[in-house]
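What follows is one structure encoded as structure tokens, with my remarks underneath.
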Amino acid sequence: MPTYRDEAVVLRTHKLGEADRIVTMLSRQHGKVRAVAKGVRRTGSRFGARLEPFMVVDVQCYIGRSLDIVQQVEMLGSYGGDIAGDYARFTAATAMVETADRLTEHEAGLQHYLLLVGALRSLSRAEHAPGLTLDSYLLRALSIAGWAPSFVDCAVTGEPGPHSAFVVQLGGVVSDAAAPPGSPRLDADTLQLLAALLAGDWQTADAADERTRAQASGVTAAYTQFHLERGLRSLEHVDRTTA
């Protein structure tokens, strides 16, 4: 029987028929997987609660013609409960998994999986403000996908920074000579926070004030939506009050 076993994080689910569910997962070794979990919506299902968004599982699947079939599931990281109990964390996690789903539409690698699992774990433990965790995830996920933003040197000419003009379409900060007329300007604190979020410098990120966090979030959202080409529906609902 053609089966495989892998670690995976659940991105989303859809109802199928009376009792089944289609589960979309980002796996460690097999990329993005879509599989049918039979009978999981019935009372007393052995693994229904394990196949919810934000859960990290050890899953065994049978390879089907169009969709694989879930055979066994063991819990590795039960992050969904802690995340779902807090609106700010829930909306941040929802934006993360939607981004992961979009970025891995054609190709997924181990880095995407590890980054998402780490971000969800951190979010469930409330290690940092949800908005900071989300923005760090978005910037780093885009970098893995090949769209790393520049927050110091000019994204066009490579001229050493610092520069204050930020142009989403050009890949980050640009020198005055390369900046189109009317380019928005970012202050030094916002650029420092953005660079810290990209690098995972949490000491600097956690120390940023609310105004700086709000500006960095706006820049991150604009940069993300430009490169994904279609807007992220979940990003509109992110609770930034504790960002």
Some residue of the stretch 137-154 being part of a helix (DSSP H, G or I), under 26 Å from the mean Cα position of the chain (by Cα) and farther than 25 Å from residue 91 by Cβ: no
Residue list for the stretch 136-159, restricted to those being in contact with a strand residue (DSSP E or B) (Cβ under 6 Å, 6 or more places away or on another chain) and open to solvent by 60 Å² or more (accessible area, probe 1.4 Å): 156
Single unsatisfied condition, residue 100 versus (1) outside any strand (DSSP E or B); (2) open to solvent by 10 Å² or more (accessible area, probe 1.4 Å): (2)
Single residue of the stretch 171-190 satisfying the filter (touching a helix residue (DSSP H, G or I) at 6+ places or on another chain (Cβ under 9 Å) and assigned to a helix (DSSP H, G or I)) that is most open to solvent (accessible area, probe 1.4 Å): 189
Residue 121 of a type in the set (D, E, K, R) and at pLDDT below 95: no
Count of the stretch 191-220 residues which are out of contact with any helix residue (DSSP H, G or I) (no Cβ under 6 Å at 6 or more places or on another chain), open to solvent by less than 30 Å² (accessible area, probe 1.4 Å) and either outside any loop (DSSP other than H, G, I, E, B) or free of Cβ contacts under 8 Å to residues at least 12 places away in the same chain (or both): 2
One residue from 58, 68 being surrounded by fewer than 18 Cβ atoms within 10 Å (Cβ to Cβ) and touching a residue at least 12 places away in the same chain (Cβ under 8 Å): 58
Restricting the stretch 103-113 to residues that are touching a residue at least 60 places away in the same chain (Cβ under 8 Å) and out of contact with any helix residue (DSSP H, G or I) (no Cβ under 9 Å at 6 or more places or on another chain), the residue that is most open to solvent (accessible area, probe 1.4 Å): 107
Hits in the stretch 183-233 - residues which are aromatic (Phe, Trp, Tyr) and under 14 Å from residue 137 (Cα atoms): 202, 223
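The values are calculated or read from the model by the stated rules, or taken from the named source; none is laboratory data. As the structure is a computational prediction, the values presented were derived from the model and not from experiment. Heads up, the Cβs are rebuilt from the backbone with ideal geometry, glycines too, and the neighbour counts pull from every protein chain shown. Calculation scope for accessible area: heavy atoms of the full protein, side chains included, ligands and nucleic acids excluded. Shrake-Rupley method; radii C 1.70, N 1.55, O 1.52, S 1.80 Å.
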